[in-house]
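**Student:** Okay, handing you the structure first.
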Amino acid sequence: MKLQLRQEVIKADFLVIGGGISGLQAGITAAKAGMNTLILEKANTKRSGNGCGGNDHFLCYISEYHGTDFEEIMKEVMDTLVGSNQDANLFRIMLERSYDMIQKWESYGIQMRPTGTWNFEGHAMPGRRKYHLKYDGANQKACLTQEAKKAGAQIMNKVIVNEVLVNAEGRFVGAIGINIREEIPEVVIFQAKAGLIAVGEAMRMYPGNNPAYIFNTSHCPANTGSGAAMALRAGARLVNLDLPSRHAGPKYFTRSGKGTWIGALTDIHGELIGPFIEDIHVSRELPDPTADVWKDCFVKMMESGKGPVYMNCTGISEEDQQHMRKALVSEGCTSINEYLDQYHIDLRKTMIEFGQYEHMFYMNGIDINQDAMSSIPGLYASGQSVGNVRGDITAAAVFGDLAAEKAAAYIRTVDDYDITTLPIIQEKIHLYQHLMRVEPGANWKEANTTLQKIMEEYVGTKVRSESLLTAGRKYICDLRGYAEEKLQADNSHELMRCLEVLDLLDLAEACAVSALERKESRGAYHRRSDYPFTNPLLNNKFQTITLSEQGLTTEFRNRIK
């Protein structure tokens, strides 16, 4: 099959890569600041990314609700389940700007107080103030898309970005995209003074709960860490790739939204497994926080033979059950409600088994500064692509907004750069042509599932060691070599999947190297059998990784307080 090449170079002031929550908010702010703004999205901005179906918790600080002592609030929120493992200066920026973002979203038509008042629920400990605003985000992507177009931002859907371009000075100057709207893919070159990577985290790197259903993931399965991968290849610094994250929810029914459920975690006999509540009669004001504190309780209980663990809603009121069912719609978990209705399941009579989902790169990615800029001048990052501030819905919106503000000032300091002579463009076109060759080859699923098994067995979340990680890295590199040679695509869609797998392979090797260099055990999922202790000298330090001509190199930097 032939590969088309658009002759025209598309130019913009500000190129936004990814049309999720963060990318759309950046596009709105940039266009209103007068920049020629172009948003590129592999799907459709009206329904794409992790916020496609909605969200229902927005971490924020509202003075009229929480009080005016911001320093006290900052300290308290940093001590919650969302406060650890990030740079405090970025977390401060997020909190300080959160209320302004809420007001903006309300002006876009997003229901930030559907009950008519500020309603805070979930993700909180007994006796503590709550910081997660309960809102209705079911229409958020449509509202943000409409506002971006109204502001004057241009949107190109069905365009994947495979590479960011840097010049000899090392600054961002553009990107290589592929238009996948038609069966025959079209390579499109973009030139810009500044760019934002706002794509999703890396899913599909580890086996899911149902390995036969590769797209049954807790977050968007089209998110394959491509933003972090292309940033790494361009020379940007990544952070925290060695510290995995996992989500939880209804077992085998892989949907996020754990904090939306109102119930108690119990064993099969209805006995509580955590110490934070007195009995199963919980309410929306304070459901059981055990899973937020003991994140791997579902795995540990099964391994010990004391499982399974159930979400026990039999003690809640009918009013709270209806409230929860409505909140699942706001969260985008409509399929859960449809399943309950289809099989006539009454949650006040039936416990639902919960389980833990696959590892994902959540808070593992690009290292940004206080201006949301990566280590590459002119290249910004926000949302799930970022590794040093929690990439939840608030951070996505706030840092997309901030990046656009800073980019508006940055573009006045640089000149246009003719990108057509950059050799990487022809190198990537040659790769695309090879993948689209007529001769038969391997399907992308073969490479993807093989990578998942390598990661599970050699770079896993149960045990790690020098020997396992060293072998795992070799197998990943071998697989990449086979994939680059053997993968073959018959159309635009399959080309996209092939490139996603190659991105996953780049991140997988970086993860293995980072895990190998962290000579300690830390957290629930980085357990080194050869270094079973947690090294206190590495407390408040982040491990970074960069790619240069010498290969992948790591170092530890201080966490910014």
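The values are calculated or read from the model by the stated rules, or taken from the named source; none is laboratory data. Nothing here was measured: the structure is a model prediction, and the numbers come from that model. Here the Cβ is made from the backbone with ideal geometry for all residues, glycine too, and neighbour counts use every protein chain on show. To get the accessible areas, we keep the full protein, side chains included, count just its heavy atoms, and leave off ligands, DNA and RNA. Shrake-Rupley method; radii C 1.70, N 1.55, O 1.52, S 1.80 Å.
**Student:** Being assigned to a helix (DSSP H, G or I) and either without any contact (Cβ under 8 Å) to a residue 24 or more places away in the chain or open to solvent by 10 Å² or more (accessible area, probe 1.4 Å) (or both) is the filter here; which residues of the range 514-527 pass it?
**Tutor:** Within the range 514-527, L516, E517 meet the criteria.
**Student:** Output the residues belonging to the range 255-272 that are touching a strand residue (DSSP E or B) at 6+ places or on another chain (Cβ under 9 Å), modelled with pLDDT of 90 or more and over 15 Å from V299 (Cβ atoms).
**Tutor:** T260, W261, I262, G263, A264, T266, I268, G270, L272
**Student:** Residues in the range 9-27: is at least one of a type in the set (S, T, Y), within 21 Å of the chain's Cα centre (by Cα), crowded, with 24+ Cβ neighbours inside 10 Å and within 16 Å of C143 (Cβ to Cβ)?
**Tutor:** Yes: one or more hits.
**Student:** Only residues that are surrounded by fewer than 24 Cβ atoms within 10 Å (Cβ to Cβ) and either farther than 21 Å from G225 by Cβ or in contact with a helix residue (DSSP H, G or I) (Cβ under 7 Å, 6 or more places away or on another chain) (or both): list them for the range 32-50, please.
**Tutor:** Of everything in the range 32-50, those that are surrounded by fewer than 24 Cβ atoms within 10 Å (Cβ to Cβ) and either farther than 21 Å from G225 by Cβ or in contact with a helix residue (DSSP H, G or I) (Cβ under 7 Å, 6 or more places away or on another chain) (or both) turn out to be K32, A33, G34, M35, N36, K46, R47.
**Student:** In contact with a His (Cβ under 9 Å, 6 or more places away or on another chain) and of a type in the set (S, T, N, Q): is that true of Q550 in this structure?
**Tutor:** Considered against the rule, which asks whether it is in contact with a His (Cβ under 9 Å, 6 or more places away or on another chain) and of a type in the set (S, T, N, Q), Q550 comes out as no.
**Student:** Does E163 qualify as being in a loop (DSSP other than H, G, I, E, B), modelled with pLDDT of 95 or more and either under 26 Å from G365 (Cα atoms) or acidic (D, E) (or both)?
**Tutor:** When the stated conditions are applied, E163 does not pass them.
**Student:** In the range 330-345, what count of residues is obtained for those that are at pLDDT 95 or above, touching a Leu at 6+ places or on another chain (Cβ under 8 Å) and either among the polar types (S, T, N, Q) or surrounded by fewer than 16 Cβ atoms within 10 Å (Cβ to Cβ) (or both)?
**Tutor:** 1
**Student:** Can you work out which of the residues in the range 106-127 that are outside any loop (DSSP other than H, G, I, E, B) and more than 24 Å from K258 (Cα to Cα) is least open to solvent (accessible area, probe 1.4 Å)?
**Tutor:** Y108
**Student:** I'd like to check something: does the range 179-198 contain any residue that is at negative phi, free of Cβ contacts under 8 Å to residues at least 40 places away in the same chain and under 21 Å from the mean Cα position of the chain (by Cα)?
**Tutor:** no
**Student:** Residues in the range 363-372: is at least one within 30 Å of N209 (Cβ to Cβ) and either part of a helix (DSSP H, G or I) or of a type in the set (A, V, I, L, M) (or both)?
**Tutor:** yes
**Student:** Six or more apart or on different chains, Cβ under 6 Å: which pairs go from a residue in the range 230-257 that's under 20 Å from S218 (Cα atoms) and touching a residue at least 40 places away in the same chain (Cβ under 8 Å) to one that's in a loop (DSSP other than H, G, I, E, B) and acidic (D, E)? Could you list them?
**Tutor:** Short answer, once both residue conditions are applied: G257/E331.
**Student:** Looking for something within 27 Å of E405 (Cα to Cα), under 19 Å from the mean Cα position of the chain (by Cα) and of a type outside the set (D, E, K, R) - is there at least one such residue anywhere in the range 124-132?
**Tutor:** Yes; the residues of the range 124-132 include at least one that is within 27 Å of E405 (Cα to Cα), under 19 Å from the mean Cα position of the chain (by Cα) and of a type outside the set (D, E, K, R).
**Student:** Tell me the residue from G383, G387, G365 that is over 18 Å from T37 (Cβ atoms) and touching a helix residue (DSSP H, G or I) at 6+ places or on another chain (Cβ under 7 Å), please.
**Tutor:** Just one listed residue meets the conditions, G365.
**Student:** If you don't mind, another one. Quick check, is D13 of a type in the set (D, E), modelled with pLDDT of 95 or more, closer than 22 Å to A403 by Cβ and assigned to a helix (DSSP H, G or I)?
**Tutor:** Taking the combined requirement at face value, the residue does not satisfy it.
**Student:** Search the range 352-373 for residues that are over 30 Å from G315 (Cα atoms) and pair each with any residue that is open to solvent by less than 20 Å² (accessible area, probe 1.4 Å) and of a type in the set (D, E) when their beta-carbon atoms are under 6 Å apart and the residues are at least 6 apart or on different chains.
**Tutor:** M360/E201; F361/E201; Y362/E201
**Student:** Identify all residues within the range 154-176 that are hydrophobic (A, V, I, L, M, F, W, C), under 18 Å from E8 (Cα atoms) and surrounded by fewer than 21 Cβ atoms within 10 Å (Cβ to Cβ); write none if there are none.
**Tutor:** M156
**Student:** Further, regarding this structure: Select from the range 350-409 the residues that are of a type in the set (D, E) and over 24 Å from H132 (Cβ atoms) and list them in ascending order.
**Tutor:** Passing the criteria: E353, E358, D367, D371, E405.
**Student:** Hey, could you check the range 214-235 for residues that are surrounded by fewer than 19 Cβ atoms within 10 Å (Cβ to Cβ) and over 19 Å from F354 (Cβ atoms) and say which is farthest from the chain's Cα centre (by Cα)?
**Tutor:** Here the answer is G235.
**Student:** Only one residue in L243, L238 is modelled with pLDDT under 95, closer than 30 Å to S548 by Cβ and surrounded by 22 or more Cβ atoms within 10 Å (Cβ to Cβ). Which one?
**Tutor:** The match here is L243.
**Student:** I need the full set of residues from the range 303-329 which are surrounded by 15 or more Cβ atoms within 10 Å (Cβ to Cβ), assigned to a helix (DSSP H, G or I) and either over 29 Å from the mean Cα position of the chain (by Cα) or in contact (Cβ under 8 Å) with a residue 24 or more places away in the chain (or both), in order please.
**Tutor:** The answer is D320, Q321, H323, M324, A327, L328, V329.
**Student:** Further, regarding this structure: So in the range 528-546, with the set limited to residues that are under 13 Å from N388 (Cα atoms) and open to solvent by 60 Å² or more (accessible area, probe 1.4 Å), which one is modelled with the highest pLDDT?
**Tutor:** Result: K541.
**Student:** A further question on this structure: I need a count of the residues in the range 80-97 that are farther than 22 Å from F556 by Cα, in contact with a Lys or Arg (Cβ under 9 Å, 6 or more places away or on another chain) and either open to solvent by 50 Å² or more (accessible area, probe 1.4 Å) or among the polar types (S, T, N, Q) (or both).
**Tutor:** 1
**Student:** Before we move on, is R92 in a loop (DSSP other than H, G, I, E, B) and among the basic types (K, R)?
**Tutor:** No.
**Student:** Using the structure shown, decide if E549 is open to solvent by 60 Å² or more (accessible area, probe 1.4 Å), modelled with pLDDT under 95 and within 26 Å of S374 (Cα to Cα).
**Tutor:** yes
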